[in-house]
Amino acid sequence: GQQVMQIPQYQHVQEGEDFTTYCNSSTTLSNIQWYKQRPGGHPVFLIQLVKSGEVKKQKRLTFQFGEAKKNSSLHITATQTTDVGTYFCAGRLYYSGGGADGLTFGKGTHLIIQP
Amino acid sequence: NAGVTQTPKFRILKIGQSMTLQCTQDMNHNYMYWYRQDPGMGLKLIYYSVGAGITDKGEVPNGYNVSRSTTEDFPLRLELAAPSQTSVYFCASSPGLAGAETQYFGPGTRLLVL
């Protein structure tokens, strides 16, 4: 079936180091969204990418959407302790149960920061 | 606006018991969703609704039922709880199509089935 795969599952970094998580889909995505979930919290929307090759920045976060719209990445520069959490990518695809759309989430990358 | 609210926050069920997880949003969103998140894993879509009176299955609907009688409310029903349903359940809403617009998540309901 259609999947959205995310690597790595866990990433340990020293505070101040950079961090990257990668998202890959088995099929072309119309767009992709990124969410952050703090430990014990709920997912919070970060950004949406729509165009092939699109790059968006939010302060120390850089998001990319691949040219083929099958992959995406999130890069954090100079991590801080506030960046701790799980980062999920989510792509739009169709479910066999109906004609409407839904999001398929990757399993997430758990970012662990060591001071 | 309170956004998306869920009750209860935490519940312990015995095998075979039933319960309803409540979800309410005050943003007048047409689209609502139920996800489950197993420990250390991503979110899996259980059911979704594109408007009052319209619901459809997601990726993992077995063992659950939903209804959408109003725009605001989207309850999730577990009829015969099983240990495999131990999870954190998130309700979400969006003004339009998921993937086309931001999804707003509730705080979650942690369910333990023993």
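Residues in segment B:55-70 that are part of a strand (DSSP E or B) and polar (S, T, N, Q) were compared, and the one that is nearest to the chain's Cα centre (by Cα) is B:Asn65.
Restrict the check to segment B:10-21 and report whether at least one residue is under 18 Å from A:Ala90 (Cα atoms) and not in a loop (DSSP other than H, G, I, E, B). No: segment B:10-21 contains no residue that is under 18 Å from A:Ala90 (Cα atoms) and not in a loop (DSSP other than H, G, I, E, B). Of all residues in segment A:63-91, those satisfying the criterion of being free of Cβ contacts under 8 Å to residues at least 24 places away in the same chain and either over 17 Å from A:Gly41 (Cα atoms) or of a type outside the set (Ser, Thr, Tyr) (or both) are A:Gln64, A:Gly66, A:Glu67.
When you scan segment B:96-114, do you find a residue that is touching a residue at least 24 places away in the same chain (Cβ under 8 Å), in contact with an Asp or Glu (Cβ under 9 Å, 6 or more places away or on another chain) and of a type outside the set (A, V, I, L, M, F, W, C), even just one? No, segment B:96-114 has no match at all. The set of residues in segment A:66-88 being crowded, with 21+ Cβ neighbours inside 10 Å and modelled with pLDDT under 95 consists of A:Lys69 alone. Selection within segment A:93-106: residues that are buried (at least 20 other Cβ atoms within 10 Å of the Cβ) and either in a loop (DSSP other than H, G, I, E, B) or under 14 Å from the mean Cα position of the chain (by Cα) (or both). The member of this set that is modelled with the highest pLDDT is A:Gly106. The residues of segment B:8-33 that are under 14 Å from the mean Cα position of the chain (by Cα) and over 12 Å from B:Leu111 (Cβ atoms), listed by number, are B:Gln22, B:Cys23, B:Thr24, B:Gln25, B:Tyr31, B:Met32, B:Tyr33. If you go through segment A:1-24 one residue at a time, how many are part of a loop (DSSP other than H, G, I, E, B) and either β-branched (Val, Ile, Thr) or closer than 17 Å to A:Thr104 by Cα (or both)? So the count comes out to 4.
Residues in segment B:31-66 that are modelled with pLDDT under 95 and of a type in the set (Val, Ile, Thr) were compared, and the one that is surrounded by the most Cβ atoms within 10 Å (Cβ to Cβ) is B:Ile46.
The values are calculated or read from the model by the stated rules, or taken from the named source; none is laboratory data. None of the values given here were measured: they were computed from a predicted structure. Ideal geometry is used to build each Cβ from the backbone, glycine not excepted, and the neighbour counts take in all protein chains shown.
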